[in-house]
Amino acid sequence: MSNSHLLQQIILSFTDSFREHRTDISAITLIQGKHLWLGSDETTILERLTFIEQNKFAEHQQFRVAEFLNLPASEDEEIDIEGLAYADYYLWLVGSHSYKRKKPKPDNTDQKNISRLAKIESESNRYILGRIPFVNGSLFSSCEHPQDSNLQLTSAQLQMTQQGNLLMAALANDPHLGSFIKAAIPGKDNGFDIEGLAIYQNRIFLGLRGPVLRGWAMVLEIELQNSSPGLMKLMQISEENKEYKKHFVWLNGLGIRDLCVDGEDLLILAGPTMDLDGPVQVHRWQNGVNASENMLNYPQVVQEIPYGNRDDHAEGMTLFQDISGVPSLLVVYDSPAQTRLVDDRIVIADVFQLG
């Protein structure tokens, strides 16, 4: 596959504390051309790198999500951070909201591995959707709004429930998604799995890796309001008085791995729903932030992203023109190829031209 639109490669330099997790980066956002925030799908920690020079981010710092949001389970249990987005002095994050099936292990007998494949788990930390005040490069539980001293910025999260959170409760009877949720189908088996997060004004867009329905991927749109200190609830926004809107997008049968707002367009990083290598594409959904609900949408493919053989799975993207000077995207990979891993600390990311 051609990667002729590869503009440059970027060095991401971490401390030793992130050595094992630099191979499972699953979310990324660049804020104000200076700070690169990353999330791993195996931890409950946010990683921050700072722009040092044209092709390098370093000065790694870690922020425990549990210092700002109430995790329902211990910090040992991953959030499965799949999306990060920045809007109006808040850093937002979302967990996968997915069930998981146990993986076979190479040292086990076939019998043991087959019984592992029958085990499905739900982990409550995966149902986090929250915001943390972000001012001058740092996170706060609460702080004064930098431009309006009468306003207080506060960390908050969507209220948790027995089903996970209020969104899962709202979707439980949805005609397209409810059966997947009730059947507890794991994300990697085309089950319900949030992997993209984008924010435009007060609207939150959640891209689903699965389920893909007869080749159609889905974006959920929600709006949140404070319900009590530290907690948010869903607003009724749909014509049918529902607390969410559904958008159907044709991505050549692929699911959504990440979302990004570009003006009023939504950029979609599309990849396989199942445990496959590729194809991987970036699609531009023109005027996507203003799309009407319950429509079939056909975004345009603007960039093919290379993928490896059981490695180099593009998982996160963020606009990069503040640094590169041309319309471009920085892309990070889960299971990066060995050639991207320089010593114990560095992982190499790619910058692609954006059509």
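Failed condition for Leu354, given (1) surrounded by 21 or more Cβ atoms within 10 Å (Cβ to Cβ); (2) of a type in the set (A, V, I, L, M); (3) under 28 Å from Glu221 (Cβ atoms); (4) within 19 Å of the chain's Cα centre (by Cα), with all others met?
The failed condition is (4).
Got a sec? Which of Ser328, Ser324, Ser335 is hydroxyl-bearing (Ser, Thr, Tyr), at pLDDT below 95 and farther than 24 Å from Gly191 by Cα?
On the way: Ser328 fails: at pLDDT below 95; Ser335 fails: farther than 24 Å from Gly191 by Cα.
Being hydroxyl-bearing (Ser, Thr, Tyr), at pLDDT below 95 and farther than 24 Å from Gly191 by Cα holds for just one of Ser328, Ser324, Ser335, which is Ser324.
Quick check on the range 13-32. Is at least one of its residues of a type in the set (A, V, I, L, M, F, W, C) and in a loop (DSSP other than H, G, I, E, B)? Steps first, please.
Going residue by residue through the range 13-32, those that are of a type in the set (A, V, I, L, M, F, W, C) are 14, 18, 25, 27-28, 30-31.
The next check asks that each one be in a loop (DSSP other than H, G, I, E, B); those that pass are 14.
Yes, because at least one residue in the range 13-32 is of a type in the set (A, V, I, L, M, F, W, C) and in a loop (DSSP other than H, G, I, E, B).
Yes or no, residue by residue, for (1) exposed (fewer than 14 other Cβ atoms within 10 Å of the Cβ); (2) part of a strand (DSSP E or B):
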| position | (1), (2) |
| --- | --- |
| Thr273 | no, no |
| Glu315 | no, yes |
| Ile323 | no, no |
| Val326 | yes, no |
| Val331 | no, yes |
| Thr339 | yes, no |
| Asp350 | no, yes |
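So which pairs qualify, if the first residue must be in the range 191-212 and closer than 25 Å to Leu276 by Cα, the second must be basic (Lys, Arg), the Cβ gap must be under 7 Å, and the two must be at least 6 apart or on different chains?
Within 7 Å, the pairs are Asp193/Arg209; Glu195/Arg209; Glu195/Arg257; Gly196/Arg257; Arg209/Arg257.
So which residues in the range 90-124 are of a type in the set (Ser, Thr, Tyr), over 18 Å from Phe180 (Cα atoms) and surrounded by fewer than 18 Cβ atoms within 10 Å (Cβ to Cβ)?
Thr109, Ser115
Provide a single number: the residues in the range 84-122 that are part of a strand (DSSP E or B), over 30 Å from Ser149 (Cα atoms) and among the small types (Gly, Ala, Ser). Break it down stepwise before answering.
Step one: of the range 84-122, the residues part of a strand (DSSP E or B) are 84-87, 90-95, 99-101, 120-121.
Restricting the remaining residues to those that are over 30 Å from Ser149 (Cα atoms) gives 95, 99-101, 120-121.
In the following step, the residues that additionally are among the small types (Gly, Ala, Ser) were identified as 95.
The total comes to 1.
It is to be established whether one or more residues within the range 144-162 are farther than 25 Å from Val261 by Cβ, assigned to a loop (DSSP other than H, G, I, E, B) and modelled with pLDDT of 95 or more. Give the derivation first.
Restricting attention to the range 144-162, the residues satisfying the condition of being farther than 25 Å from Val261 by Cβ are 144, 149-150, 152, 159-162.
Okay, now just the ones that are also assigned to a loop (DSSP other than H, G, I, E, B), so 159, 162.
Filter again for modelled with pLDDT of 95 or more, leaving 159.
The answer is yes, given that some residue of the range 144-162 is farther than 25 Å from Val261 by Cβ, assigned to a loop (DSSP other than H, G, I, E, B) and modelled with pLDDT of 95 or more.
With (1) crowded, with 22+ Cβ neighbours inside 10 Å; (2) closer than 21 Å to Gly191 by Cα as the list, and Leu46 as the residue in question, which single condition is left unmet?
It is condition (2) that Leu46 fails.
Would you check which residues across the range 221-271 are free of Cβ contacts under 8 Å to residues at least 40 places away in the same chain, closer than 20 Å to Pro299 by Cα and not in a loop (DSSP other than H, G, I, E, B) and list them?
If we filter the range 221-271 for residues that are free of Cβ contacts under 8 Å to residues at least 40 places away in the same chain, which is where we start, we get 223, 225, 228, 235-237, 240-241, 263, 265.
Within this subset, residues satisfying the condition of being closer than 20 Å to Pro299 by Cα are 263, 265.
Residue satisfying the conditions is Asp265 alone.
Somewhere in the range 189-199, is a residue of a type outside the set (Gly, Ala, Ser), on the phi > 0 side of the Ramachandran plot and either surrounded by 12 or more Cβ atoms within 10 Å (Cβ to Cβ) or not in a strand (DSSP E or B) (or both)?
Kept after step one, since they are of a type outside the set (Gly, Ala, Ser), are these residues of the range 189-199: 189-190, 192-195, 197, 199.
Cutting the leftovers down to on the phi > 0 side of the Ramachandran plot gives us 190.
In the following step, the residues that additionally are either surrounded by 12 or more Cβ atoms within 10 Å (Cβ to Cβ) or not in a strand (DSSP E or B) (or both) were identified as 190.
Looking through the range 189-199, at least one residue is of a type outside the set (Gly, Ala, Ser), on the phi > 0 side of the Ramachandran plot and either surrounded by 12 or more Cβ atoms within 10 Å (Cβ to Cβ) or not in a strand (DSSP E or B) (or both).
Here are Glu82, Glu67, Glu78: which of them is in contact (Cβ under 8 Å) with a residue 40 or more places away in the chain, more than 20 Å from Leu224 (Cβ to Cβ) and buried (at least 20 other Cβ atoms within 10 Å of the Cβ)?
Numbers: Glu82 fails: more than 20 Å from Leu224 (Cβ to Cβ); Glu67 fails: buried (at least 20 other Cβ atoms within 10 Å of the Cβ).
Every option except Glu78 fails the conditions.
The values are calculated or read from the model by the stated rules, or taken from the named source; none is laboratory data. Remember, it's a predicted structure, so these values are computed and weren't measured experimentally. So basically every Cβ, Gly included, is an ideal-geometry build from the backbone, and we count neighbours across all protein chains shown.
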